[in-house]
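Visitor: My questions all concern the structure below.
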Amino acid sequence: NNRRATTEDIIYPVVPSQFVAVGTNAQKKDNREIWNLGTGEKVGVITGLGVETFDGALSPDGRYFVARAGRNESALSVYDVEEKKPLGELEAERLLSGFTTVAVPKPNLVVAINSFGNGKAHVWQLPGGERLRDIPLGWNR
């Protein structure tokens, strides 16, 4: 596309990793490429999501990409890069202003924090999407 790339279009895992996600998925026609910086190989392309570009996270093994599900501020979309398909959405209770932080600190774990509204960290298991726990952060009491 003709859009100019910004720093919001590059996503690194939150822990040391040789993988990076480059591109955007703001519209379903957009593409985001997953690259292995250690080998210089493109390992996958994410298409058809239509998710918020700035709220994405990549797993340290490059297998999963997670992002806020478009206009639904209480859900996250999960994409399996290896299988080349969306896995579905991870749901949380309706939030006042959406997730402020999304991370995949381990290959099979998603953490999303909402610092407004409910003040909780939500934790899910991948690939199944089982909600493991909600951790109160002590805000908004």
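No lab work stands behind these numbers, since they all come straight from the coordinates. Given the structure is predicted, the values throughout are model-derived calculations rather than measurements.
Visitor: Amide H neighbours of A26 under 5 Å, at least 5 residues apart or on other chains, H built in the peptide plane: list them.
Guide: Hits under the 5 Å cutoff: V51.
Visitor: Between Y64 and residues 5 or more places away or on another chain, which pairs have amide H atoms under 5 Å apart, with H built 1.01 Å from N, and which residues are they?
Guide: Sorted by chain and number, the residues that satisfy this are S59, V81.
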